[in-house]
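Asker: Take this structure first; my questions come after.
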Amino acid sequence: MKSFKRSLFQPLLARMQESRRFIQVLAGPRQVGKTTLARQITHALSMPVHYASADEPTLQDRSWLGQQWDIARMLTRNAKAVIPALLIIDEVQKVTGWSEAVKRLWDEDTHAERPLGVLLLGSSPLLIQTGLTESLAGRFEILPVPHWSFAEMQSAFGWSVEQYVYFGGYPGAADLIGDETRWRRYIIDSLIETTLSRDILLMTRVDKPALLRRMFNLACDYSGQILSYQKMLGQLHDAGNTVTLAHYLELLNGAGLAVGLSKYAGQKVRQRASSPKLQVLNTALMTALAGHTFAGAQVERDYWGRIVESAVGAHLLNSSIGTGITVGYWFDCNREVDFVLSAGKTVVGIEVKSGRRETALPGMTAFAKTFPVQRQLLVGAQGIPLADFLSEPAGKWMG
């Protein structure tokens, strides 16, 4: 049996068992186990199921979606009675006009009192959320499926924290790490290229696709570093303007690849105006494109420190989805705090040190003098062990 996100299995199963009619949405990046989780759910449900995927090189349309829906409707009827059935549509965001079609079909079933449950899977969280908000308000419940955590990879594959830091949280690539060349090709070909050339470009208007790709490469090369949009313009050819770069960073975030963290300033207006701190959402994306091997990366002290910090940032972002926790950074006069967690009036500063020696934290001291910080955390060195920190969600450190 393939590994899947067991932490989501029982909540999703319980929600489906509570009602004969529902729209549940699993939204998350490619290769995080959405399809496998859905298939495991079907084994646990005592109802007929119809599964269909729109993950084809060419986009499907509303008529295709209507055909799949009609097949599932037929499953609700047998010779003796009307019975509940389940329809699963994978990669639903690739169906042209999918949200409007789902709304119409769902409303038809509501009028007919047809006991059909619907499970929608999507690998572009941003596009999924947009479609749901515009057309399906009040008709759905969304369950985010983020990248796999260290605890999940350790439980499923017995990984060490060093393996997780370097190879990241893609369960489908776990069996390939013994052959780093194969692992690297899998990450690049099956994940990066597919997401950039299909998931984003086929679904969203991108005037400069080559720039989008270079923006992604820049995010990987500089993950964990603050880079102003003006400096990005200097790094990228034919970059247009800062508005274009900010928009492309949003697309990369929406596809689960990379994000630009905002500077914490206590005021959202100033946060949006800050230089972003580039951050991959899975460290496999940066290591697969780099020239270091697993063994070589660990002895390259500065590079390993960057990967460790990126692993912490990715973990904080992925584990804070849907919690109301905002992840940012702080910087002032060459003094920096690697990550700042905020929710309401609660503010937590986090410094990451991959070395063993105790290190002074002038950035944290200055930050604590400027803002009412509830907790000041050090990860690594003589602080919280990296494995322990990565084993707990972001919310754990807010209390």
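Asker: Here is a check on your reading of the model: is residue 301 touching a residue at least 60 places away in the same chain (Cβ under 8 Å), under 23 Å from residue 161 (Cβ atoms), assigned by TED's automatic domain parsing to the domain that holds residue 169 and surrounded by fewer than 24 Cβ atoms within 10 Å (Cβ to Cβ)?
Answerer: no
Asker: Among the numbered conditions (1) in contact with an Asp or Glu (Cβ under 9 Å, 6 or more places away or on another chain); (2) at pLDDT 95 or above; (3) closer than 17 Å to residue 262 by Cα, tell me where residue 348 comes up short.
Answerer: Condition not satisfied by residue 348: (1).
Asker: Identify all residues within the range 209-227 that are farther than 20 Å from residue 330 by Cα and in contact (Cβ under 8 Å) with a residue 40 or more places away in the chain; write none if there are none.
Answerer: Correct list: 212, 216, 217, 218, 220, 221.
Asker: For the range 174-201, what are the residues that are acidic (Asp, Glu) and outside any helix (DSSP H, G or I)?
Answerer: Passing the criteria: only 179.
Asker: Which residue pairs have Cβ atoms closer than 6 Å, lie 6 or more positions apart in sequence or on different chains, and pair a first residue in the range 92-116 that is modelled with pLDDT of 90 or more with a second residue that is of a type in the set (Val, Ile, Thr) and surrounded by 13 or more Cβ atoms within 10 Å (Cβ to Cβ)?
Answerer: Partner pairs satisfying both residue conditions: 114/76; 115/76; 116/76.
So that you can scan it fast, the table gives a plain yes or no per residue for (1) under 26 Å from residue 152 (Cα atoms); (2) surrounded by fewer than 17 Cβ atoms within 10 Å (Cβ to Cβ); (3) in contact with a Cys (Cβ under 6 Å, 6 or more places away or on another chain):
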| position | (1), (2), (3) |
| --- | --- |
| 61 | no, yes, no |
| 71 | no, yes, no |
| 76 | no, no, no |
| 90 | yes, no, no |
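Asker: Can you tell me which residue in the range 234-259 is modelled with the lowest pLDDT, limited to those that are closer than 27 Å to residue 350 by Cβ and outside any helix (DSSP H, G or I)?
Answerer: Going through the qualifying residues, I end up with 255.
Asker: When you scan the range 1-41, how many residues do you find that are at pLDDT below 85 and of a type in the set (S, T, N, Q)?
Answerer: Of the residues in the range 1-41, 5 are at pLDDT below 85 and of a type in the set (S, T, N, Q).
Asker: Listed residues 152, 180; which is under 24 Å from residue 14 (Cα atoms), out of contact with any strand residue (DSSP E or B) (no Cβ under 6 Å at 6 or more places or on another chain) and modelled with pLDDT of 90 or more?
Answerer: Just one listed residue meets the conditions, 152.
Asker: Out of all the residues in the range 358-379, which are part of a helix (DSSP H, G or I), surrounded by fewer than 18 Cβ atoms within 10 Å (Cβ to Cβ) and either of a type in the set (Val, Ile, Thr) or touching a Gly at 6+ places or on another chain (Cβ under 6 Å) (or both)?
Answerer: 365, 370
Asker: Restricting to the range 328-337, name every residue that is surrounded by fewer than 23 Cβ atoms within 10 Å (Cβ to Cβ) and outside any loop (DSSP other than H, G, I, E, B).
Answerer: Residues satisfying the conditions are 328, 331, 332, 335, 336.
Asker: Same structure, new question: Conditions first: (1) touching a Pro at 6+ places or on another chain (Cβ under 8 Å); (2) at pLDDT below 85; (3) of a type outside the set (D, E, K, R). Residue 85 passes all but one, so which condition is the exception?
Answerer: (2)
Asker: Something else now. Quick one: residue 387 ticks every box in (1) more than 22 Å from residue 259 (Cα to Cα); (2) within 19 Å of the chain's Cα centre (by Cα) bar one, so which box is it?
Answerer: (2)
Residue-wise test of (1) in contact with a helix residue (DSSP H, G or I) (Cβ under 7 Å, 6 or more places away or on another chain); (2) modelled with pLDDT under 95; (3) small (Gly, Ala, Ser).
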{"residue": "261", "(1), (2), (3)": "no, no, no"}
{"residue": "274", "(1), (2), (3)": "no, yes, yes"}
{"residue": "289", "(1), (2), (3)": "yes, no, no"}
{"residue": "293", "(1), (2), (3)": "yes, no, no"}
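Asker: Among the residues of the range 202-227 satisfying the criterion of being at pLDDT 90 or above and not in a helix (DSSP H, G or I), which is nearest to residue 263 (Cα to Cα)?
Answerer: Out of the qualifying residues, it is 226.
Asker: With respect to residue 319, determine if the residue is of a type in the set (Ser, Thr, Tyr) and within 12 Å of the chain's Cα centre (by Cα).
Answerer: yes
Asker: Restricting to the range 277-298, count the residues that are surrounded by 24 or more Cβ atoms within 10 Å (Cβ to Cβ), part of a helix (DSSP H, G or I) and not hydrophobic (A, V, I, L, M, F, W, C).
Answerer: 1
Asker: Given the criteria among the aromatic types (Phe, Trp, Tyr), crowded, with 19+ Cβ neighbours inside 10 Å, free of Cβ contacts under 8 Å to residues at least 60 places away in the same chain and assigned by TED's automatic domain parsing to the domain that holds residue 154, does residue 389 qualify?
Answerer: no
The values are calculated or read from the model by the stated rules, or taken from the named source; none is laboratory data. Everything quoted here is computed from the prediction, not taken from an experiment. Because the Cβ atoms are built from the backbone with ideal geometry, glycine has one as well, and the counts that use them run over all protein chains shown.
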